[in-house]
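Reading through the structure tokens given below for one structure.
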Amino acid sequence: MTISRSSLLGGLAIDVTFDAPVGAMTWYGIGGRADILVSPHTDAAVIELVSRCRAQDVPLRILGGGANLLVDDSGIDGIVVKLDNEHFRRVRYSAGGAIGAAQIGAGADLFRLVQDTKRRGLTGFEMMAGIPGTLGGAVRMNAGGAWGEISDRLRTITHLSLDGEVRHLDAAAMGFRYRGSDLPPGVILECTLELDEDDPIAVAERVKDIFQQKRASQPMADQSAGCTFRNPTDPETGDRISAGELIDKAGLKGCRIGGAIVSDQHANFIVSEPGASATDIRRLINHVRDTVADRRGITLDPEVVIWSRGGRA
């Protein structure tokens, strides 16, 4: 694809990197490069960039913390937008006069938010302890786990549609569910969370307990993208069942392709060793999915997002 850089990027309040090592910015730390990486300074810059990309039919992707992302070895075309400017990482507590309300930019780091709310004695965000990434990415996938999901505390979303329209959406009307929602395609700019006041020591203890339980059961020190697959629905009961348990029972713990390995600690984590390629990871994802389908009759859906050249994921 030939992109007119001047007509696409000219005159915008942005930082631009050409041939950017986006794969290295993910938690896997592997994969190819992006033709163009853009870091906007303002909402207006994002709005105009989205409009130009649409007008010129240029693929546009949003890079959060790279926590559940794999970039293909061939790299990716189009525009990658990273909301890492201070403008998109701002956090304002007592939004609208409410003590427990927080307006938070989509680029805010989840680890820092957990620590900040803990210090302030605000409860409701502990369920995100140990989950990497940014707020926007967490909202897009409704991140969470055994202790709750981000949508439990999400109240409003400032959303930029691919048509260039900014709307303030009521989270309760967005159909949030396990790892999904009816949130339309586009760019999340900001969110409002509802938090409650509590004893800072009690909040800190809950955060500590969640961290300890995750550290005991998940390979948090290894390079991975978190859980590889979504927990599927049992075809007989309709209940969610553990993807990790299905993979374990299929005898796949420790299975290796190149530098990619199914974790011995938690089978729903595929970790990478030095020298691994994105192709290794993709091949192992496919092998695990095919093996579980053959042995259990259940097809696992990847939770890891894969970006590739020519794709618009």
### Task
Might you let me know whether the range 112-125 holds any residue that is hydrophobic (A, V, I, L, M, F, W, C), surrounded by fewer than 19 Cβ atoms within 10 Å (Cβ to Cβ), without any contact (Cβ under 8 Å) to a residue 60 or more places away in the chain and part of a helix (DSSP H, G or I)?
no
### Summary
Checking ALA108, ALA55 in turn, the sole residue that is modelled with pLDDT of 95 or more and among the small types (Gly, Ala, Ser) turns out to be ALA108
### Message
Looking at (1) at pLDDT below 95; (2) touching a Leu at 6+ places or on another chain (Cβ under 9 Å); (3) over 30 Å from ASP57 (Cα atoms), which one does ARG289 not meet, given that it meets all the others?
### Response
(1)
### Message
So the check is Cβ under 6 Å with 6+ separation or different chains; which pairs have a first residue in the range 204-233 that's among the charged types (D, E, K, R) and a second one that's assigned to a helix (DSSP H, G or I)?
### Response
ARG206/GLU126
### Message
Suppose we keep only residues that are surrounded by 18 or more Cβ atoms within 10 Å (Cβ to Cβ) and not in a strand (DSSP E or B) within the range 96-111. Which one would you say is farthest from the chain's Cα centre (by Cα)?
### Response
GLY100
### Hey, ALA221 out of contact with any strand residue (DSSP E or B) (no Cβ under 7 Å at 6 or more places or on another chain), aliphatic (A, V, I, L, M), loosely packed, with under 13 Cβ neighbours inside 10 Å and closer than 30 Å to ALA260 by Cα or not
yes
#### Entry: Odd one out for ARG296 among (1) modelled with pLDDT of 95 or more; (2) in contact with a Leu (Cβ under 9 Å, 6 or more places away or on another chain); (3) surrounded by 15 or more Cβ atoms within 10 Å (Cβ to Cβ); (4) more than 26 Å from ARG33 (Cα to Cα)
(1)
### Message
If the requirement is being among the charged types (D, E, K, R), in contact with a Lys or Arg (Cβ under 8 Å, 6 or more places away or on another chain) and touching a residue at least 12 places away in the same chain (Cβ under 8 Å), which of these qualifies: ASP152, ASP163?
### Response
ASP163
### Task
Please verify whether the range 266-288 includes one or more residues that are assigned to a loop (DSSP other than H, G, I, E, B), among the hydroxyl-bearing types (Ser, Thr, Tyr) and within 23 Å of VAL71 (Cβ to Cβ).
yes
### Message
If I filter the range 222-254 down to residues being part of a strand (DSSP E or B) and among the polar types (S, T, N, Q), which single residue comes out as farthest from GLY145 (Cα to Cα)?
### Response
GLN223
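Taking the range 132-152 on its own, how many of its residues are in a loop (DSSP other than H, G, I, E, B) and crowded, with 22+ Cβ neighbours inside 10 Å? Step through it out loud before you land on a result.
Taking the range 132-152 as the starting set, the residues that turn out to be in a loop (DSSP other than H, G, I, E, B) are 132-133, 142-143, 146-147.
Now drop any that are not crowded, with 22+ Cβ neighbours inside 10 Å, which leaves 133, 143.
The total comes to 2.
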### Message
Where the second residue is assigned to a helix (DSSP H, G or I) and of a type in the set (Lys, Arg) and the first is in contact (Cβ under 8 Å) with a residue 12 or more places away in the chain and lies in the range 128-148, which pairs have Cβ atoms under 7 Å and are six or more apart or on separate chains?
### Response
GLY130/LYS214
### Task
Select from the range 58-87 the residues that are among the polar types (S, T, N, Q) and modelled with pLDDT of 95 or more and write down the one among them that is farthest from ASP301 (Cα to Cα).
ASN85
### Query
If you go through the range 189-218 one residue at a time, how many are in contact with a strand residue (DSSP E or B) (Cβ under 6 Å, 6 or more places away or on another chain) and buried (at least 18 other Cβ atoms within 10 Å of the Cβ)?
8
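The values are calculated or read from the model by the stated rules, or taken from the named source; none is laboratory data. Quantities reported herein were computed from a predicted structural model and do not represent experimental measurements. Here the Cβ is made from the backbone with ideal geometry for all residues, glycine too, and neighbour counts use every protein chain on show.
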